[in-house]
Amino acid sequence: MFDPKVEKLLNEQVVAEMYSANLYLSMSAWFREKSLDGYANWFYVQYKEEMDHALIIYNFILNAGGTVTLGGIDAPPTEFKGIREILAESLAHERLVTSLIYAINEAALGVKDYKTVQFLDWFIQEQVEEEDNASTNLSRYDLFGADPKGLFSLDEELGARGYTQTAQVAVYEGGA
Ligand code: MG
């Protein structure tokens, strides 16, 4: 069972993670069109991870006796000014997501919903990593991106990122 406010915020977070997924998929498409296939790969993997995040929260709501009520997903931007704009936007977006996770945590603490507080621990840690990754992408671009060879190397490096389903997905699908 959930306090209605916490349940509403968790449901909104499922949709927010799906929005993140679509935002990164839209960015991935932009990179593919520019033949920056490594960057495209990195954002494609990011898309999949965001869908994992949505499913983790979705299953947690159901496992904990809540009701899933999915709202609409806003359309992501489809046009971007350039590589730097995308990298800066993805960092700003992850900072926003962190603030959303913190707001759910605060609401859960306010009603002594410790199961949700404990559940959100993983997301709080994950956001540290997400912000770090986005920040690294931006600073590396600022350091090396202006040089064509530097950009080529960065693109190659990001092309090596593989996707493994987030372990938490199986944990919550199992009804833990
Ligand atoms: Mg996420």
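Applying both filters, DSSP loop and at most 13 other Cβ atoms within 10 Å, to the GluC sites (Glu not before Pro) of segment 72-142 gives Glu79. Of the trypsin sites (Lys or Arg not before Pro) found in segment 12-86, those in coil by DSSP whose Cβ has at most 15 other Cβ atoms within 10 Å are Lys34, Lys81.
Distance from the Cα centroid of segment 1-70 to that of segment 147-169 is 20 Å (rounded to whole angstrom).
Using only side-chain charges placed at the Cβ, +1 for Lys and Arg and -1 for Asp and Glu, the dipole size of segment 4-173 relative to its Cα centre rounds to 220 debye. Go ahead and collect, in residue order, the members of segment 46-64 whose backbone nitrogen is under 11 Å from a label point 7 Å along the Cα-Cβ direction of Gln165. In segment 46-64, the label zone of Gln165 (backbone N under 11 Å from the point 7 Å along Cα→Cβ) covers 52.
Sparse packing (at most 12 other Cβ atoms within 10 Å of the Cβ) combined with a DSSP loop state is found for the following trypsin sites (Lys or Arg not before Pro) in segment 93-157: Lys112. Using C-alpha pairs under 8 Å with a sequence gap of at least 6, the mean separation divided by the residue count of segment 1-154 gives a relative contact order of 27 percent.
Taken together, the values in this text are just the output of simple stated rules run on the coordinates, not laboratory data. Keep in mind that this is a model prediction, so the values were computed, not measured. Neighbour counts run over all protein chains shown; Cβ positions are idealised from the backbone, glycine included.
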